[in-house]
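Engineer: Dropping a structure here in structure tokens format, bear with me for questions.
We did not get these values from a lab; they are worked out from the coordinates using the rules stated. The structure presented is a predicted model; accordingly, all values stated were derived computationally and were not measured. We place every Cβ from the backbone using ideal geometry, glycine too, and count neighbours over all the protein chains shown.
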Amino acid sequence: MSQDGRNWARIEGEHHTGALFEVGKPGEWDETFIAGPQVVAAGPGDMRMFYHSYDLQQQRYVVGMATSKEGFRWKKQGAVFSGAPEAGAFDSCGAAAHHVIRDPDSNRWLMFYEGVGEDGTTAIGLAVSDNGRSAS
């Protein structure tokens, strides 16, 4: 937390390690790692943290979301986007790094993301959402 944008203080989360939240339990889509957190204020009392992981069962990168009313206690909402399932697509192995914004003109949510292909190459893609919770 910072009052001036230059000096920061680490805030302890509710998890026993001090984290706000950690990887999922064995068998959950985000059990391997969680990375790339980005928080978007969707409205009063509606903060959304987007992050990504690698789903071992699906064998692909996936973007997930957690929500919070105040930015300290987060509730995971699950996976929200994983790229195209078609072989040969630039994102056939999922969606990793991402950046989410709300378009002020259309009021739609835009997710610019790193698509991962079968050969490990990456490219930038765009997914859209009307509600900021599920993308296409």
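Engineer: Label points 7 Å out from Cα along the Cβ direction at E86 and M1: separation in nm?
Structural biologist: 4.8
Engineer: Moving to a separate point now. Can you sort H52, H99 so the residue with the fewest Cβ neighbours within 10 Å comes first?
Structural biologist: Taking fewest neighbouring Cβ atoms as first place, the list is H99, H52.
Engineer: Nearest 0.05, what FRET efficiency do Q58 and D105 give at R0 = 41 Å with Cβ-Cβ as r? Spell out each step's value before the answer.
Structural biologist: Details: r = 34 Å, r/R0 = 0.83.
In this case the efficiency is close to 0.75.
Engineer: If you work out P(r) over Cα pairs in 10 Å bins from 0, in percent from the coordinates, which of (1) 8, 11, 10, 8, 8, 7, 7, 6, 6, 5, 5, 4, 4, 4, 3, 3, 1, 0; (2) 11, 27, 24, 18, 12, 6, 1; (3) 12, 39, 33, 14, 1 do you get?
Structural biologist: Calculated P(r) over Cα pairs in 10 Å bins from 0, in percent: the matching label is (3).
Engineer: I want the local charge near V128. Using Cβ-Cβ distances under 10 Å, sum +1 for each Lys or Arg and -1 for each Asp or Glu among the other residues. Could the numbers behind the result be given before it?
Structural biologist: Working: positive: R108; negative: D103, D130.
Value of the local net charge: -1.
Engineer: Using 0.36 nm times the number of residues separating F72 and A123, minus their current alpha carbon distance, what extension gain do you get?
Structural biologist: Working: separation 51, 0.36 × 51 = 18.36 nm, distance 3.29 nm.
Contour length minus the Cα-Cα distance gives 15.1 nm.
Engineer: Between the range 58-132 and the range 2-43, what is the C-alpha centre distance in whole Å?
Structural biologist: 17
Engineer: Applying 1/(1 + (r/R0)^6) with R0 = 25 Å to the Cβ-Cβ distance of E14 and A35, what FRET efficiency is obtained, to the nearest 0.05?
Structural biologist: Working: r = 20 Å, r/R0 = 0.81.
The calculated FRET efficiency here is 0.80.
Engineer: What order do you get for E114, E86 when you list them from fewest to most C-beta neighbours inside 10 Å?
Structural biologist: Starting with the residue having the fewest Cβ neighbours, the order is E86, E114.
Engineer: Now a separate question. Please rank S129, S53, fewest neighbouring Cβ atoms within 10 Å first, as an exposure proxy. Write down the numbers at each step before the final one.
Structural biologist: Working: S129 17, S53 23.
With the fewest neighbours first, S129, S53 line up as S129, S53.
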